[in-house]
Amino acid sequence: MLSNTDIIELTALRRELHRQPELSGEEIETAKTISAALNTLSPTHVLTGLGGHGVAAVFDSGIDGPTVLFRAELDALPIQEISSIPWASTVAGKGHMCGHDGHMMFLMALGRIITRDPIARGRVILMFQPSEEDGTGARAVVAEPVYKDIQPDYAFAIHVEPGRPFAHVSTRAGLINCASHGLEIKLTGKTAHAADPEDGVSPALAVAKIIVALDELGKGGELNNDFELVTVTHIQVGEYSFGIAPGEAIITATLRTAQDNTLRALDAQARALSEAIAVEYGLTITFNVHDAFAATVNNTQATNIAIAAMNAIGVEHSDTGLPMRASEDFGVFGWDAKAAMLCIGPGEHYAALHNPDYDFPDDLIPVGTAIFERITRDLLGSTST
Ligand SMILES: [Zn+2]
Ligand SMILES: [Zn+2]
């Protein structure tokens, strides 16, 4: 378990990271800070540069047994922090507004605990992944050749989720977070003088038709297996002017479903209807995909292990608020491992994630750590007992 000194030092480290937020793909200093802190412990080895700036500490007992991965995220958000806390972000326009600075402390704390009292069998992987917020990090990490050497049997993550009582965990077997991606649709025609629009090829009417058709395609509604939601997020037609009939347009939309395969099908439908409308108006059309998130689906066995651990240490839990429409890229770690995501409450009236006044509640550090510690002992034991 954690000592008072651990909690004081981990709180200080969390606040140090909070002061120096880095965006997805840019987590150089955060990764250095984490690597330095890990190297004061006794991992078998520390891997760096995973999927960009990802860092993983491997604690290998040298005895046969399962490999258990715990995941935290390195990245912050392009949000200006509005706060008077002494450890507020010192970087203009960037802030740790998703609690990732706190999630990292669950792993650092577990590293301290298993350094003092090593595991009896198997391996623990403390995975600090990069680029969670844009959905690229977990995919890039598992695509690394070296990931095969640390392929986990089990993977666990805790994300703070507002709207729940303090230290109350929501989890369930099955869907936790939806699959989603951003589809950028670019239409190209030809500009003309606004007095003679017939000389050009304007995308304006095609844009109007496409956004209505996209809205019809994904109506949302109840979050079951058939859930499909298309949200038009941005439109640009030509430039801001009164003398030019536009020649180009961009529509961005976020596609969201309960399953990875239905997301692929929804994407195909969105492209087909957009293409048909583009052809009707004599426009060329191209597509790009951004922020692609796999669905996060909890494995039943891994979920039961987490629930047993919470029952053993008296952490209250339920499936309140699940599944969620929002996406999270932890699901990727569940492709080849039994994975479970836990959502921990900061208190019912706490600021929501991605808000400019969000700050991870340090009082959750011992709670999240205790859950991970118990999972570790249940699966991998202790050399002291
Ligand atoms: Zn976030
Ligand atoms: Zn997050």
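Among residues of the stretch 131-144 that are under 10 Å from Asp75 (Cα atoms), those with a Cβ under 6 angstrom from a residue that is part of a helix (DSSP H, G or I) and within 16 Å of ligand 1 (Cβ to nearest atom), sequence gap 6+ or separate chain, pair up as Ser131/Gly137; Glu132/Asp329. Taken over the stretch 34-53, the residue count meeting the criterion of being within 25 Å of the chain's Cα centre (by Cα) and not aliphatic (A, V, I, L, M) is 6. When Val124, Val142, Val146, Val169 are screened for being under 30 Å from Ala308 (Cβ atoms), away from ligand 1 (no atom under 16 Å from the Cβ) and surrounded by fewer than 21 Cβ atoms within 10 Å (Cβ to Cβ), only Val142 passes.
Mind listing just one residue for me: the one in the stretch 60-81 that is away from ligand 1 (no atom under 16 Å from the Cβ) and within 16 Å of Val332 (Cβ to Cβ) and, of those, surrounded by the most Cβ atoms within 10 Å (Cβ to Cβ)?
Among them, the one singled out is Phe70.
This table checks each residue for (1) small (Gly, Ala, Ser); (2) under 18 Å from Ile125 (Cβ atoms).
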position	(1), (2)
Leu17	no, no
Pro43	no, yes
Leu50	no, yes
Pro66	no, yes
Phe70	no, yes
Ala76	yes, no
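Considering the stretch 18-33, and only residues there that are touching a residue at least 60 places away in the same chain (Cβ under 8 Å) and over 18 Å from the mean Cα position of the chain (by Cα), the residue that is farthest from Asp291 (Cα to Cα) turns out to be Arg19.
One line per residue, one yes/no per condition, for (1) open to solvent by less than 30 Å² (accessible area, probe 1.4 Å); (2) in contact with a helix residue (DSSP H, G or I) (Cβ under 6 Å, 6 or more places away or on another chain); (3) assigned to a strand (DSSP E or B):
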site: Gly347; (1), (2), (3): yes, no, no
site: Ala351; (1), (2), (3): yes, no, no
site: Pro356; (1), (2), (3): no, no, no
site: Phe360; (1), (2), (3): yes, yes, no
site: Phe372; (1), (2), (3): yes, yes, no
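Could we say that Thr136 is of a type in the set (Ser, Thr, Tyr) and closer than 26 Å to Cys178 by Cβ here? Yes, satisfied.
This table checks each residue for (1) more than 16 Å from Thr369 (Cβ to Cβ); (2) out of contact with any Asp or Glu (no Cβ under 6 Å at 6 or more places or on another chain); (3) modelled with pLDDT of 95 or more; (4) in a loop (DSSP other than H, G, I, E, B).
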residue: Ser84; (1), (2), (3), (4): yes, yes, no, yes
residue: Val91; (1), (2), (3), (4): yes, yes, yes, yes
residue: Met108; (1), (2), (3), (4): no, yes, yes, no
residue: Pro118; (1), (2), (3), (4): yes, yes, yes, yes
residue: Arg121; (1), (2), (3), (4): yes, yes, yes, yes
residue: Val124; (1), (2), (3), (4): no, yes, yes, no
residue: Met127; (1), (2), (3), (4): no, yes, yes, no
residue: Glu132; (1), (2), (3), (4): yes, no, yes, yes
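Residues considered: Met310, Met341. Of these, the only one that is assigned to a strand (DSSP E or B) and either surrounded by 23 or more Cβ atoms within 10 Å (Cβ to Cβ) or over 18 Å from the mean Cα position of the chain (by Cα) (or both) is Met341. Pairing residues of the stretch 55-73 that are not assigned by TED's automatic domain parsing to the domain that holds Val141 with residues that are within 16 Å of ligand 1 (Cβ to nearest atom) and open to solvent by 10 Å² or more (accessible area, probe 1.4 Å), at Cβ distances under 8 Å and at least 6 apart in sequence or on separate chains, gives no pairs at all. When you check Thr33 against the structure, is it part of a helix (DSSP H, G or I), among the polar types (S, T, N, Q) and open to solvent by 30 Å² or more (accessible area, probe 1.4 Å), yes or no? Yes. In this structure, is Asp75 part of a loop (DSSP other than H, G, I, E, B) and under 21 Å from Ser35 (Cβ atoms)? So Asp75 fits the description; yes. Would you mind stating whether Asp199 is farther than 25 Å from Asp291 by Cα, open to solvent by 20 Å² or more (accessible area, probe 1.4 Å) and assigned by TED's automatic domain parsing to the domain that holds Leu364? For Asp199, the condition - farther than 25 Å from Asp291 by Cα, open to solvent by 20 Å² or more (accessible area, probe 1.4 Å) and assigned by TED's automatic domain parsing to the domain that holds Leu364 - is not met.
Of all the listed residues (His53, His45), the sole one being away from ligand 1 (no atom under 16 Å from the Cβ), more than 18 Å from Ala155 (Cα to Cα) and surrounded by 14 or more Cβ atoms within 10 Å (Cβ to Cβ) is His53. Annotation note: of Gly174, Gly163, the sole residue that is at positive phi, surrounded by fewer than 19 Cβ atoms within 10 Å (Cβ to Cβ) and touching a helix residue (DSSP H, G or I) at 6+ places or on another chain (Cβ under 9 Å) is Gly174.
Just to be sure, is Leu41 in a strand (DSSP E or B) and out of contact with any His (no Cβ under 9 Å at 6 or more places or on another chain)? So Leu41 fails the test.
Inspect all residues belonging to the stretch 206-216 and state whether any of them is among the charged types (D, E, K, R), assigned to a helix (DSSP H, G or I) and farther than 20 Å from His181 by Cβ. The answer is yes, given that some residue of the stretch 206-216 is among the charged types (D, E, K, R), assigned to a helix (DSSP H, G or I) and farther than 20 Å from His181 by Cβ.
The values are calculated or read from the model by the stated rules, or taken from the named source; none is laboratory data. Keep in mind that this is a model prediction, so the values were computed, not measured. Don't worry about glycine lacking a Cβ; one is built from the backbone with ideal geometry, like all the others, and counts go over all protein chains shown. These accessible areas exclude ligands, DNA and RNA; they are computed on the full protein's heavy atoms, side chains included. Shrake-Rupley method; radii C 1.70, N 1.55, O 1.52, S 1.80 Å.
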